[in-house]
Amino acid sequence: MEKVCADWPAKAFDEQLVSGKYWDEFAENTKAAATELIHAGTWQEAEQLLQGLVKDMEAKEILAVGGEENPRLGMMYQHLQSNGRTVYTDKFDIAEHAPQADLGISTAEFGVGESGSVCVDTASYESRVTGMLPPTHIVFLQADHMVKNIDTAFRVIAKVYKKGYMGFITGPSRTADIERVLSLGVHGPGRFIVIAVDEPAQRRA
Amino acid sequence: MAVKEKRNIRKEIHNKLDDNVMQGALAKFTSEYPMARLKAYANVDSIDDLRDDLRTMKRWAVDHIDALADEFQHSVEERGGKVFRAADGDEVKKILLQICEENGVQRIVKSKSMATEEIKLNGALENAGLHVRETDLGEWMLSVAGQKPSHMVMPAIHLNKEQCAGFFEQELHEEVPSDISYMIHTARRVLREEFLHADLGITGANFGIAENGAIGLVTNEGNARLVTTTPKIHVVLIGYEKLIPKVKDAAKILRLLPRNGTCQRMTSYMTMVSGPTPIIYKKDGKWVEENRKQYVILLDNGRLAAAKDPKMKQVYQCVRCASCLNVCPIWRMVGGHVYGHIYSGGIGAILTGLLGNMEAFSKFSDLCIGCRQCTTICPGEIPIPDLIDELRARYVKKYGLSMPEKTAFQHILTHRKVFHSLLRIGSVAQKPVQSGKFIRHLPLFFSGMTDGRSLPAIAAKPLRDRTEDLCKHNPKNPVMTAAFFSGCNMDFVFPDTGESVVKVLQDLNIAVTYPQEQTCCGKPVLGMGDRDTGKVIAKQNIEALEATGADVIISACPTCAETLERTYKELFKDDVQWRARAEAVAGKVREFTSFVAEQYKAQGRTLPQAERGSRITYHDSCHMRRGLGVWQQPRELIKMTGADFVEMKDSDRCCGMAGAFGVKYSEISKPILHDKLENIGNTKADTVAVACPACMMQIGGGLNQQNPSVRVKHVADILAECIAER
């Protein structure tokens, strides 16, 4: 999958800037932005939580990216395939089924304490439609990959951002264009769920 | 591209004042906005540090705009994008139509771009037979309704849900209930089809990064993310003012823009696109992946000339958050459409002028009353009222004033004796409509001016005729001498207050002189943009004040004080001799309350607690609080009198007088006054103190008709009463 940076922790993260100590502020601000934040200790626990969510929302068609980089995620996506449920992980399949899919699952590189945003590297087309077209978007994130504020986020981004498509997501798609009444899910997902995992991801070399 | 517009601004204003839907929406929004904004900033150490950082970065950018544009273009092209530079809207349209033709484009989706509104792009595309859809919900509804956005961030704030449902029905030819959730989901369904079938997406940009050619887009709906994802071609229309040097500089915009614009710590989506990015689509029955085509059009349309202009280049510090509107007392009354249909509010007036439509600018530029509320929150720290003044002065220099103004300013104001004689005649002529110190009702077509507000009567004996007697009470061995610059208002309308000023100064062992040759400070003419007349008046006053040889020059009118202290120096910036004289005078000018508070402290003075038992609130004059930065001292003085001091809500919000504005636009001035009177009433104070004669005129006139149990007093009057108690 095309990315702005193939390995953010190795190429962009600086221990001075990226730290789990900004977690509490992130948790507070991301919830204030109407993100559903779920905290899991291990990948195993994360998988159980994901299974529960998918079951509850009765998702039939699922788009899923990021499984190639993170084997645990790849396994999870396989396990989600079961009777009557299809998980698309191939980019052409994703492109074809994106307009009808019920759920998109992807990954974020790090969180921002000050704003509750997650930084998403969406240089690939499939990662963009996964996060934008289905009514629900679930994002996996490592809980200690946090920066203090937007300023430090850009210091991290500046190290690797030479070309491509990326940015922040901070809660679900929203509008207040009619009488300033807040409404979710206008063009993008109406539900935005972040599953933050403490256990480090085992990355494919 | 100068467009001559035939508009009747007065009529438009009346329509907006009668639009109850808009009035309700704007009143609610503007009252909630300040607190919501501060809440968004609650986890930031210093908002002003962020503003300073942004301004410094943007100033650097404008000073290097040509090099930045070259670097940006190189970065985009190096990555495979194509860059055009367009001198104006016509060129943009030519380039776009060419792109559409070359690529067989039929359907276009757009994500909010004010620049495309500026050049009226949609109409041109539609005339060429292209299917164009706005995708921001508000913009889409407005395009269906044939309206323009009334706010840069909340385009449809002037509408209610019933009106919106009407536009939905008009577009979809089906019944649409005025249920917001239903409408949102209908818009999602309808516009989803547009995204999926569009050949080309057009976006604006919140910033463009020279270092890597990325553009940044800030949205809540996510439409910009879809417009830059689903179509095979992406066209960016970006003004030169959006260029910034480095990737990390984007943070300087993003820490302020969402907080000021929508009171969010970050919008739902912040998207950056650098170079053409991949797209997957079905080609001849097979799924393929290739890079989308990216075209970037850099738009000039007056921007590059502004960048080279030492004063006007400050507009490059604007990040289009529109927060200057959100705190503007006039925008709150008239809404955004009156400003010229593209960029509204104070910054809108400036942009409209700079982007080639000085005619439109001249029509509504006087809707800025110079209250400077916007300057306290603008993320880029742009002195918006000063830039409006500058543009107005340039307009007047080029096209001149209208005839009645010309007569009034150039033939009356510059001749002190003629001007003052007219005021004296006025004091006699007003007799039939006078009631005590007020004119309560004016006959016939003047009646609007006194509707809900009395106008003060011109005093029978002006201050200048009383000072000879007053100065006889000067101390024998004074600690210093003061020249009293009264201003017209205190001279001819409130001479009693002028007497109070003299008494307070004499009580401080200061000898007061009143230079008879002083005339109007010139602010009314300068405010209209007539700097040549302003200079004639300034010279008269400088000479009159120099002749006194006094140690200090005291003004108890903040507008006069600001004009003498700041404006005269700027007025003569290119005249070495007069600038030196203006600076010497400015160095001696002191605003009354801050001067007295300082002297009381220095002399260890206390006051007899003469006001014990009375309840006093204080109204900040705009020029005093934000022009001179004086607001604590008058409060301290009031507390010294033993009065029960009570703060009113929005004490620093304009009372609606604002010089000639209060009379010229009395229909806007009165509702602003009404809010002020309500806040005063809620304090249950028996007295409202002011330190500005113009505010005293406006608030006093309103209280006279609407709440006569409350008195308005200048701080000088309150102090003078205490001294009399001794």
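Looking at the structure I just gave you, is residue A:170 more than 7 Å from chain B (Cβ to nearest Cβ), closer than 25 Å to residue B:234 by Cβ and under 16 Å from the mean Cα position of the chain (by Cα)? Answer is no for this residue. Could we say that residue B:96 is assigned to a helix (DSSP H, G or I) and either under 23 Å from residue B:229 (Cα atoms) or modelled with pLDDT of 95 or more (or both) here? When the stated conditions are applied, residue B:96 passes them. Considering only residues that are in a loop (DSSP other than H, G, I, E, B) and in contact with a His (Cβ under 7 Å, 6 or more places away or on another chain), which ones fall in segment A:175-205? The answer is A:189, and nothing else.
Out of all the residues in segment B:166-176, is one or more open to solvent by less than 60 Å² (accessible area, probe 1.4 Å), among the β-branched types (Val, Ile, Thr) and either modelled with pLDDT of 95 or more or not in a helix (DSSP H, G or I) (or both)? Scanning segment B:166-176, I find at least one residue that is open to solvent by less than 60 Å² (accessible area, probe 1.4 Å), among the β-branched types (Val, Ile, Thr) and either modelled with pLDDT of 95 or more or not in a helix (DSSP H, G or I) (or both), so the answer is yes. The condition of being of a type outside the set (Lys, Arg) and surrounded by fewer than 24 Cβ atoms within 10 Å (Cβ to Cβ) holds for only one of B:350, B:342, that being B:342.
Evaluating residue B:53 against the criteria (1) in a helix (DSSP H, G or I); (2) more than 27 Å from residue A:152 (Cα to Cα); (3) of a type outside the set (A, V, I, L, M); (4) touching a residue at least 60 places away in the same chain (Cβ under 8 Å) leaves one unmet condition, (2). Quick check: is even one residue across segment B:24-45 more than 25 Å from residue B:376 (Cβ to Cβ), assigned to a helix (DSSP H, G or I) and either of a type in the set (S, T, N, Q) or not assigned by the TED database to the domain that holds residue B:160 (or both)? Checked against the condition, which is being more than 25 Å from residue B:376 (Cβ to Cβ), assigned to a helix (DSSP H, G or I) and either of a type in the set (S, T, N, Q) or not assigned by the TED database to the domain that holds residue B:160 (or both), segment B:24-45 yields at least one hit.
Scoring residue B:108 on the criteria (1) open to solvent by less than 40 Å² (accessible area, probe 1.4 Å); (2) without any contact (Cβ under 8 Å) to a residue 60 or more places away in the chain; (3) not hydroxyl-bearing (Ser, Thr, Tyr) leaves a single failure, condition (2). Looking at segment B:350-427, the helices (runs of 4 or more DSSP H) lying wholly inside it that each contain 2 or more residues that are β-branched (Val, Ile, Thr) sit at B:384-399. Just one residue in the set A:152, A:175, A:136 is over 14 Å from the mean Cα position of the chain (by Cα), among the hydroxyl-bearing types (Ser, Thr, Tyr) and more than 7 Å from chain B (Cβ to nearest Cβ); that residue is A:152.
Checking each residue in segment A:112-121 for being within 11 Å of residue A:66 (Cβ to Cβ) and touching a Gly at 6+ places or on another chain (Cβ under 7 Å) picks out only A:120. Picking from residues in segment A:173-194 that are crowded, with 24+ Cβ neighbours inside 10 Å, touching a residue at least 24 places away in the same chain (Cβ under 8 Å) and hydrophobic (A, V, I, L, M, F, W, C), the one that is nearest to residue B:24 (Cα to Cα) is A:192. Among the residues that make up segment B:489-497, is at least one of them open to solvent by 10 Å² or more (accessible area, probe 1.4 Å), among the acidic types (Asp, Glu), within 23 Å of residue B:697 (Cβ to Cβ) and touching an Asp or Glu at 6+ places or on another chain (Cβ under 8 Å)? Checking segment B:489-497: at least one residue is open to solvent by 10 Å² or more (accessible area, probe 1.4 Å), among the acidic types (Asp, Glu), within 23 Å of residue B:697 (Cβ to Cβ) and touching an Asp or Glu at 6+ places or on another chain (Cβ under 8 Å).
Do we find a residue being under 17 Å from residue A:29 (Cβ atoms) and charged (D, E, K, R) anywhere in segment A:179-198? Within segment A:179-198 (the criterion being under 17 Å from residue A:29 (Cβ atoms) and charged (D, E, K, R)), the answer is no, since none of the residues qualifies. Of everything listed in (1) in contact with a Gly (Cβ under 9 Å, 6 or more places away or on another chain); (2) open to solvent by less than 30 Å² (accessible area, probe 1.4 Å), the single unmet condition for residue B:33 is (1). Please work out if residue B:267 is within 14 Å of chain A (Cβ to nearest Cβ), in contact with a strand residue (DSSP E or B) (Cβ under 8 Å, 6 or more places away or on another chain) and part of a loop (DSSP other than H, G, I, E, B). Yes, satisfied. Residue A:159 meets the conditions (1) facing chain B (nearest Cβ under 10 Å); (2) over 30 Å from residue B:74 (Cα atoms) in every case but one. The failed one is (2).
Conditions tested, residue by residue: (1) more than 16 Å from residue B:590 (Cα to Cα); (2) modelled with pLDDT under 95.
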{"residue": "B:459", "(1), (2)": "yes, yes"}
{"residue": "B:466", "(1), (2)": "yes, no"}
{"residue": "B:474", "(1), (2)": "yes, no"}
{"residue": "B:482", "(1), (2)": "no, no"}
{"residue": "B:487", "(1), (2)": "no, yes"}
{"residue": "B:501", "(1), (2)": "no, no"}
{"residue": "B:504", "(1), (2)": "no, no"}
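Among the residues making up segment B:45-68, those that are farther than 17 Å from residue B:251 by Cβ, out of contact with any Lys or Arg (no Cβ under 6 Å at 6 or more places or on another chain) and among the aliphatic types (A, V, I, L, M) are B:65, B:67, B:68. Selection over segment A:3-36 of residues that are more than 17 Å from residue A:145 (Cα to Cα) and within 16 Å of the chain's Cα centre (by Cα) gives a count of 7. Scanning segment B:655-704 for residues that are aromatic (Phe, Trp, Tyr) and in a helix (DSSP H, G or I) yields a single hit, B:661. I'm trying to understand the selection: among the residues of segment A:108-133, which are β-branched (Val, Ile, Thr), within 22 Å of residue A:21 (Cβ to Cβ) and at the interface with chain B (Cβ under 8 Å from one of its Cβ atoms)? Listed by number, the list holds a single entry, A:112. The set of residues from segment B:183-239 being open to solvent by 10 Å² or more (accessible area, probe 1.4 Å), in a helix (DSSP H, G or I) and more than 9 Å from chain A (Cβ to nearest Cβ) comprises B:189, B:190, B:193, B:194, B:197. Hey, does segment B:85-102 have a residue that's touching a residue at least 12 places away in the same chain (Cβ under 8 Å), open to solvent by 80 Å² or more (accessible area, probe 1.4 Å) and within 30 Å of residue B:234 (Cβ to Cβ)? The answer is yes; a qualifying residue exists.
Taking residue B:258 as the residue in question, decide whether it is closer than 22 Å to residue B:348 by Cβ, within 13 Å of another protein chain (Cβ to nearest Cβ) and touching a residue at least 60 places away in the same chain (Cβ under 8 Å). Criteria met by residue B:258.
The values are calculated or read from the model by the stated rules, or taken from the named source; none is laboratory data. Computed from a predicted model, the values in this text were never measured in an experiment. In this analysis, Cβ positions are derived from the backbone assuming ideal geometry, glycine residues included, and neighbour counts consider all displayed protein chains. Side chains are part of the model used for accessible areas, which takes the heavy atoms of the whole protein and leaves out ligands, DNA and RNA. Shrake-Rupley method; radii C 1.70, N 1.55, O 1.52, S 1.80 Å.
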